[in-house]
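Visitor: Take a look at the following structure, please.
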Amino acid sequence: MILKTYKKHLLSKFTKKLLLVSFIFFILVLILNLLEEINFLKDSETNFITPVLLTLLNTPSLLREMLPFIFLISTQFFFIDIYENKEILTLKQFGLDNLSLLKFLSLTSFIYGIFIIIFFYYFSAVCKNQYLKIKNNYTKDNKYLAVITKNGIWIKDTSSEGVVIINADRIEDKFLINLSITKLSNNFIIQKNIIAEKADIRSSNWKLTEAVITNAENNSVKLKNTNFKSNFDFDRINNLFSDMSSLTYFGLLKLKKDYEIIGYSTDELEIQSHKFYSLPFMLMAMTIISTIIMFNNKFQKNILLNLLIGIFFSVLIYYITHFSNVLGANGRLPIILSVWFPIIIIFIISSIGIVRLNEK
């Protein structure tokens with residue numbers, strides 16, 4: 001479908017506002033993140049290029065999280081522009097009422113949202129993944145590694161006494177099931193091997209059940225209950241897999257299968273997946289609420305006032321979204337509802353303003 005001339009003009013103006021506000025947010029994020037990375041690496045033997053590289057790799061992911069607020073503020077400045085240039089009156093003379101303008105902007109935001117999840121989401125996830133790989137080389141915790149695969153959960157646990165490699169079939173509640181623990185010296189010589197039916201990992205002092213302990217001389221002893229000291233507990237293992245922003249959509253699907261195989265909770269993955277699905281709807285909702293705000297405050301040209309209004313709604317929506325996601329992760333709300341609830345609320349509130357939009 002060929003766009004009419006006025007629609008091309010509006011599309012161009014709206015796109016320019018999105019790019020401008022995105023660029024401003026990009027610079028702000030860049031500066032703040034650069035300061036954070038410099039502070040993180042201040043005790044490391046590295047040059048200035050490393051924090052700059054880390055900042056550039058991390059910024060797309062941070063910017064992705066801010067997209068709903070970028071769309072809200074961009075819509076505000078779009079209306080300020082067409083009001084200052086008296087284009088709003090010209091559009092009405094050509095028969096474009098407030099509701100039609102809202103439909104055009106919301107549909108545009110939705111389409112942009114689809115492009116974002118197809119292209120920008122993948123790009124930001126790849127950058128975030130590289131960011132974490134590089135930063136892991138400078139973190140004090142890089143001696144503690146963990147990964148989940150179709151072959152179970154694998155943990156590398158390092159202490160002054162040596163290296164411990166742990167493998168378990170799956171996780172049930174706060175227990176590792178069918179695990180093996182191989183203790184190596186700093187020279188990677190096997191010192192001890194432990195095979196147990198399960199381990200209670202609620203604390204770092206693991207309680208092993210039905211354990212068979214084999215020493216370096218290949219002598220074995222079977223114990224009904226014994227303890228094993230680790231640097232990991234359930235919460236720490238759980239936190240190692242909490243950063244889902246470094247995963248592409250297909251990476252999320254693959255990791256979900258691996259989690260299901262070992263019985264690990266997929267709640268965080270479900271939340272992240274629905275954030276992916278819901279992004280175009282969230283961007284559309286933020287454009288709608290911003291449009292209603294601008295029509296109701298009569299296109300006030302005071303930039304500071306509009307920024308304050310935009311920031312207020314952005315912060316409010318952010319905390320509602322975060323609170324809803326926490327309730328979903330804790331099982332207080334269904335996973336799907338915890339992601340979509342803030343969007344539903346925005347649409348419900350917006351519908352009240354849409355009813356009387358053409359009267360403004």
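Visitor: If GLN93 passes every condition in (1) within 23 Å of the chain's Cα centre (by Cα); (2) more than 22 Å from LEU316 (Cα to Cα) but one, which one does it miss?
Guide: Every listed condition holds for GLN93 apart from (1).
Visitor: Can you name the condition, by its number, that GLU45 falls short on among (1) more than 17 Å from the chain's Cα centre (by Cα); (2) touching a residue at least 40 places away in the same chain (Cβ under 8 Å)?
Guide: Every listed condition holds for GLU45 apart from (2).
Visitor: Could you go through segment 134-153 and let me know if any residue there is modelled with pLDDT under 90, more than 30 Å from THR287 (Cβ to Cβ), under 16 Å from the mean Cα position of the chain (by Cα) and part of a helix (DSSP H, G or I). Talk me through it step by step, then tell me what you get.
Guide: From segment 134-153, those modelled with pLDDT under 90 are 134-153; that's our starting set.
So of that shortlist, the ones also more than 30 Å from THR287 (Cβ to Cβ) come out as 134-153.
In the following step, the residues that additionally are under 16 Å from the mean Cα position of the chain (by Cα) were identified as none.
Within segment 134-153, none of the residues are modelled with pLDDT under 90, more than 30 Å from THR287 (Cβ to Cβ), under 16 Å from the mean Cα position of the chain (by Cα) and part of a helix (DSSP H, G or I).
Visitor: List the pairs whose first member sits in segment 179-200 and is farther than 15 Å from SER230 by Cα, whose second member is loosely packed, with under 14 Cβ neighbours inside 10 Å and of a type in the set (A, V, I, L, M), and whose Cβ atoms are under 9 Å apart, counting only residues at least 6 apart or on separate chains?
Guide: Every condition considered, the pairs that remain are ILE189/ALA216; ILE190/ALA216; GLN191/ALA216.
Visitor: Do we have LYS103 as closer than 30 Å to VAL355 by Cα and either of a type in the set (S, T, N, Q) or surrounded by fewer than 17 Cβ atoms within 10 Å (Cβ to Cβ) (or both) here? Walk me through how you get there before you give the answer.
Guide: Details: closer than 30 Å to VAL355 by Cα: yes; either of a type in the set (S, T, N, Q) or surrounded by fewer than 17 Cβ atoms within 10 Å (Cβ to Cβ) (or both): yes.
For LYS103, the condition - closer than 30 Å to VAL355 by Cα and either of a type in the set (S, T, N, Q) or surrounded by fewer than 17 Cβ atoms within 10 Å (Cβ to Cβ) (or both) - is met.
Visitor: Take the residues in segment 214-245 that are among the small types (Gly, Ala, Ser) and in a loop (DSSP other than H, G, I, E, B); name whichever of them is modelled with the lowest pLDDT. Please lay out each step first, then the result.
Guide: In the first step, residues of segment 214-245 are kept if they are among the small types (Gly, Ala, Ser); the result is 216, 220, 230, 242, 245.
Next cut, in a loop (DSSP other than H, G, I, E, B) only: 216, 230, 242, 245.
Working: ALA216: 77, SER230: 81, SER242: 54, SER245: 74.
For segment 214-245, the residue satisfying everything is SER242.
Visitor: Oh, and also: Counting only residues that are more than 15 Å from the chain's Cα centre (by Cα) and among the hydrophobic types (A, V, I, L, M, F, W, C), which one in segment 268-291 is surrounded by the fewest Cβ atoms within 10 Å (Cβ to Cβ)? Steps first, answer last, please.
Guide: In the first step, residues of segment 268-291 are kept if they are more than 15 Å from the chain's Cα centre (by Cα); the result is 280-281, 283-291.
Subset that is among the hydrophobic types (A, V, I, L, M, F, W, C): 281, 283-286, 288-289.
Working: PHE281: 17, LEU283: 27, MET284: 25, ALA285: 26, MET286: 29, ILE288: 25, ILE289: 21.
Restricting to residues being more than 15 Å from the chain's Cα centre (by Cα) and among the hydrophobic types (A, V, I, L, M, F, W, C), the top hit is PHE281.
The values are calculated or read from the model by the stated rules, or taken from the named source; none is laboratory data. For clarity, every value in this text was computed on a predicted model and none was experimentally measured. Note that we place each Cβ from the backbone using ideal geometry, even for glycine, and neighbour counts take in every protein chain shown.
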